Amino acid sequence: MTAPSDPKTANQMWGGRFAEGPDAIMMAINASIGFDQRLYAQDIAGSRAHAAMLAATGILTPSDAEAIGEGLLTVLSEIETGGFPFRTDLEDIHMNVENRLKEIIGAPAGRLHTARSRNDQVAVDFRLWVRDQCDAAIEGLTALMRAFVAQAEAGADWVMPGFTHLQTAQPVTWGHHMLAYVEMFARDRSRFEDARRRMNECPLGAAALAGTGFPIDRQMTARALGFDRPTANSLDSVSDRDFALEFLAASSICAMHLSRFAEELVIWSSAQFRFVRLSDKWTTGSSIMPQKKNPDAAELLRAKIGRILGATVALFTVMKGLPLTYSKDMQEDKEQVFDAADTLMLGLAAMTGMVGDMTANRPMLAQAAASGFSTATDLADWLVRALNLPFRDAHHVTGTLVALAESTGCDLPDLSLAQMQGVHAGIRADVFDVLGVENSVRSRQSYGGTAPDQVRAQVARWKEILA
């Protein structure tokens, strides 16, 4: 709940510089408590670490530090149980917590802000929050990768068409197609891991922008909050939002990958393809057409990349023209990141559920794999190997045979030997050994290829990595 505004309190918060309270519209545009209250746990953790450090360095008395630490735990409990009175006149989560702390413990609360500013306070709070979101994304991606690996293992030797331009290209295996997404999401996971390592420096102690004259121990607060080290430049510390931009960039690429597979699910589950069946958990019906089973979850996932990409562009736009160090523009960083993180985690969970539940239509996959002259490349390769034709000549011969098959309404394996020899006299009966889709996929034994043995080897590798 949000308590009514109190201009006098806001005036006191800013100190003696201001004779009058803010206009109501100014308060509305200035306050961030409506969204930055999500940082409450990080704000309280940072304040507890700061208070403990102030006591260890002799800046605070042990009794004041203990009162602050216990009082902050009380505030944390109130927020978590829904009994905390958030107030817009106190602008943000930092002042809301500090004001409530003063109500609980009295004068010692006024000493908490010694040797820090809201500039380094919000920088550490936000960095802690984004770091937590990186951990959540890594966990979500790991679960999704396991779901794809399970599908790959089940269908390591199931043939299906591989596409370019959404046209039948060459036969591949279902397992190979599933593992393509494992590779994509593995790169996404590594981007979040890499971003997390880079952001794991603590800006607390940079104060407003120049550091502080108090004998603080920044190494202590960094360790207490799980950072590798304190940041090395106070100006950069309070003005940096690269960590949020990197999180958004990684989220955008990941959401793009989610959208690509969502698009495949929409296509594959259609009556025209019938490659997969999505369970009732992830589909909806129609209000007028009783036969419909719409892949709404996949369609919504396909659309959500727009929100995440939009958040990325928005924050880049906020940051692109800011001089050092802190500007109030940077208050507009959080809503974008909060929404993108929520959207990404929802998308990862939904896709993990859909991949785990979907059922491949193996007969339809095999039927489609054998259509569209999918073994034409195998025929061209055979002409090179068996007849020593230059590949360009083999390509021409194969194209002529495809045109012949198309004109007679059949596929390449259905042509007679005599018809083939009419195009090239050297073609022998063993050419038919390479024209079946099963033979085609088994022949693709190069590392990273679609052969079932290669797929099973990659499945084993990923199961070990994800164990």
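The values are calculated or read from the model by the stated rules, or taken from the named source; none is laboratory data. Computed from a predicted model, the values in this text were never measured in an experiment. All Cβ positions, even for glycine, are placed from backbone atoms using ideal geometry, and neighbour counts span all protein chains on display. Side chains are part of the model used for accessible areas, which takes the heavy atoms of the whole protein and leaves out ligands, DNA and RNA. Shrake-Rupley method; radii C 1.70, N 1.55, O 1.52, S 1.80 Å.
May I ask you to derive the FRET efficiency for Asp453 and Ser63 from their Cβ-Cβ distance with R0 = 51 Å, giving the value to the nearest 0.05?
0.15
Sort Ile288, Ile216 by accessible area with a 1.4 Å probe, largest first.
Ile288, Ile216
Pulled fully out, how much extra length does the chain show between Ala429 and Met345, if you take 0.36 nm times their separation in residues and subtract their Cα-Cα distance?
24.7 nm
Looking at the chain only, what percent of DSSP beta bridges run antiparallel? Nearest 5 please.
Of the beta bridges lying entirely in the chain, close to 70 percent run antiparallel.
So what's the net charge close to Thr284: Lys and Arg +1, Asp and Glu -1, counting the other residues with Cβ under 13 Å from its Cβ?
Once all neighbours under 13 Å are counted, the net charge is 0.
Please work out, to two decimal places, the log10 of the ratio I(q)/I(0) at q = 0.10, 0.11 Å⁻¹ from a Debye calculation in which every Cα of the chain carries one identical scatterer.
For the chain at q = 0.10, 0.11 Å⁻¹, log10 I(q)/I(0) is -0.84, -0.94.
Give the peptides 26-39, 129-142 in descending order of average Cβ contacts within 10 Å, highest first.
Per-residue mean Cβ counts within 10 Å order the peptides as 129-142, 26-39.
Give me the extension gain from Thr284 to Ala150: residue separation times 0.36 nm, minus the current Cα-Cα distance, reported in nm with one decimal.
Separation in residues times 0.36 nm, less the Cα-Cα distance, equals 45.7 nm.
Taking every Cα atom in the range 372-435, find the radius of gyration and the maximum pairwise distance Dmax, and write them in Å.
Values for the range 372-435 (Cα only, Rg and Dmax): 10.3, 29 Å.
In degrees from 0 to 90, rounded to the nearest 10, what is the angle of the helix 452-466 Cα long axis to the longest principal axis of the chain?
10 degrees
How charged is the neighbourhood of Ala55? Take every other residue with its Cβ under 9 Å from the Cβ of Ala55, and add Lys/Arg as +1 and Asp/Glu as -1.
Combined, the nearby Lys, Arg, Asp and Glu give -2.
Relative to the longest principal axis of the chain, what angle (0 to 90°, nearest 10) does the C-alpha long axis of helix 174-199 take?
The helix 174-199 is inclined about 20 degrees to the chain.
Amide H of Phe86: which non-local residues (sequence gap of 5 or more, or other chain) have their own amide H closer than 5 Å, using H built in the peptide plane?
Correct list: Ala3.
Could you calculate the FRET efficiency of His396 with Asn294 from 1/(1 + (r/R0)^6), where r is the beta carbon distance between them and R0 is 35 Å, rounded to 0.05?
Once the sixth-power term is evaluated, E becomes 0.15.
Using a 1.4 angstrom probe on heavy atoms only, work out the carbon and sulfur share of the accessible area of the chain in %.
Solvent-exposed carbon and sulfur of the chain make up 54 percent of the total.
Could you work out the relative contact order of the range 372-435? I mean the mean sequence separation of Cα pairs under 8 Å and 6+ apart, divided by the number of residues, in percent.
RCO, the range 372-435: 40 percent.
Can you give the accessible area of Leu412, probe radius 1.4 Å, in Å² rounded to 10?
0 Å²
Each label point is 7 Å from the Cα along the Cα-to-Cβ direction; what then is the distance between the points at Arg461 and Glu70, in nm?
Spacing of the two 7 Å Cα→Cβ label points: 5.8 nm.
Could you state the accessible area per residue of the range 371-453 in Å², with a 1.4 Å probe and every protein chain left in place?
Ligands and nucleic acids excluded, the result is 51 Å² per residue.
Multiply the residue separation of Arg223 and Arg277 by 0.36 nm, subtract the distance between their alpha-carbon atoms, and state the gained length in nm to one decimal.
Net length gain for the segment: 14.4 nm.
What angle, in degrees between 0 and 90 and rounded to the nearest 10, separates the Cα long axis of helix 118-154 from the longest principal axis of the Cα atoms of the chain?
Around 20 degrees separate the two axes.
To the nearest 10 Å², what's Tyr326's accessible area with a 1.4 Å probe?
Surface open to solvent at Tyr326 totals about 70 Å².
Grab the DSSP H runs of the chain that are 4 residues or longer, score each as -39,500 (n - 2.57), total them, divide by all residues and round the 222 nm result to the nearest 500 deg cm²/dmol.
Calculated from helices alone, the mean residue ellipticity at 222 nm is -20000 deg cm²/dmol.
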